[in-house]
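Presented below is the structure to which this report refers.
Nothing in this text is a laboratory measurement; each read-out follows from the coordinates by a stated rule. Fair warning: this is a prediction, and the values are worked out from it, not measured in the lab. Here Cβ is always computed from backbone atoms with ideal geometry, including for glycine, and neighbour counts include all displayed protein chains.
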Amino acid sequence: MSFLPHRCRLYLITPPRIDAAFADVLKRALEGGDVASLQLRLKDVPEDQVLRAAEKLMPIAHQAEVAFIINDRPDLAKVLDADGVHVGQDDASLAQARALLGADKIIGVTCHASRHLAMDAAEGGADYVAFGAFYPTTTKEAKAQAEPEILTWWQEIMQIPCVAIGGITVENGGPLVEAGADFLAVAGGVWEHPQGPKAAVTLFNKLFDSLAK
C-alpha cells in the first residue's frame with residue numbers, strides 16, 4: 001500500500017565519530033538540499049566532547065534552518081538550548097525529558113518495531129516516533145527488525161510523525177517513503193555516499209520529490 005499524504009524529509013544523524021574537519025563536511029552536505037533536522041549522536045565519548053561538538057555544529061545547522069537534536073541526553077540538550085532530544089528505550093524517559101525541556105522542545109522516541117512502544121510514546125506526548133532498523137546497519141547494533149507495514153499502520157491511526165531508521169540509502173529508501181515515513185533518518189547513507197554527502201542529500205531530495213508527485 002502506498003501512503004503519500006505529503007513530502008518526506010531527511011533527518012540526518014552524525015557519524016559515530018567526528019573530527020575537526022566534520023564542520024566543513026556538514027556545511028557542504030547541507031548545501032545539497034532540504035534537511036529537516038540533524039541529530040548529534042556521539043556514543044561513549046566524554047560529555048565535554050559532546051558539548052564542544054554541539055557548540056560548533058549547532059550554529060551551522062541553524063544557519064541552514066535545520067533543527068538540532070541531541071541523542072540520549074536531555075540534560076545536555078537543555079544546557080545547549082538545542083531544539084530537542086531523541087531518547088531510546090534505555091535512556092531518560094519521555095516524561096523526564098519533557099519535564100526538563102518543557103513543552104516547546106522536540107522529543108523523539110525510539111520504538112524499534114513495537115506498536116505498543118509507539119502508542120505509549122504518542123500518548124506520553126512525543127513529537128515523533130522512530131521505527132527501525134529496516135535494513136542492516138553498521139552505525140549501531142539493531143535491537144529489532146522493522147517492516148515497512150508498521151509505517152503504513154502508523155499513518156492510518158496517528159497524526160504524530162514517524163521516522164524510519166536503519167541502513168537507509170538513496171537506493172533502498174523509496175519503499176519506506178511509499179509506506180508512510182514522514183522522515184528518513186540517515187547516517188552512513190549520506191556520509192559514506194560514493195559521490196559525497198552533498199550529492200547524497202541532493203539525491204534523497206530528488207527521491208522525495210519524485211514520490212510526492
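List of remarks:
- Under the Karplus curve 6.51 cos²θ - 1.76 cosθ + 1.60, θ = phi - 60°, whole-Hz ³J(HN,Hα) for the stretch 113-122, x wherever Gly or Pro sits: 10, 9, 5, 5, 4, 5, 5, 4, 5, 4
- Residue order for Asp91, Asp44, fewest other beta carbons within 10 angstrom first, comes to Asp44, Asp91.
- Karplus-derived HN-Hα couplings along the stretch 200-212 (A = 6.51, B = -1.76, C = 1.60, θ = phi - 60°), whole Hz, x at Gly and Pro: 4, 4, 4, 5, 4, 5, 5, 4, 4, 4, 5, 8, 7
- Per DSSP, loop GluC sites (Glu not before Pro) in the stretch 44-79 with at most 11 further Cβ within 10 Å: Glu65
- Cα→Cβ-extended label distance, 7 Å offset, between Gln195 and Ile157, nm: 3.9
- For the chain, calculated [θ]222 nm from helices alone, where every DSSP H run of n ≥ 4 adds -39500 (n - 2.57): -11500 deg cm²/dmol
- Exposure proxy ranking, count of Cβ atoms within 10 Å, fewest first, for Asp83, Asp104, Asp209, Asp75: Asp104, Asp209, Asp75, Asp83
- Eigen-decomposition of the gyration tensor built on the alpha-carbon atoms of the stretch 71-148 gives equivalent ellipsoid semi-axes of 23, 14, 9 angstrom, largest listed first.
- Residues Trp154, Trp191, arranged from fewest to most other Cβ atoms within 10 angstrom of their Cβ, appear as Trp191, Trp154.
- With all projection directions averaged, the alpha carbon convex hull of the chain covers 10.7 nm².
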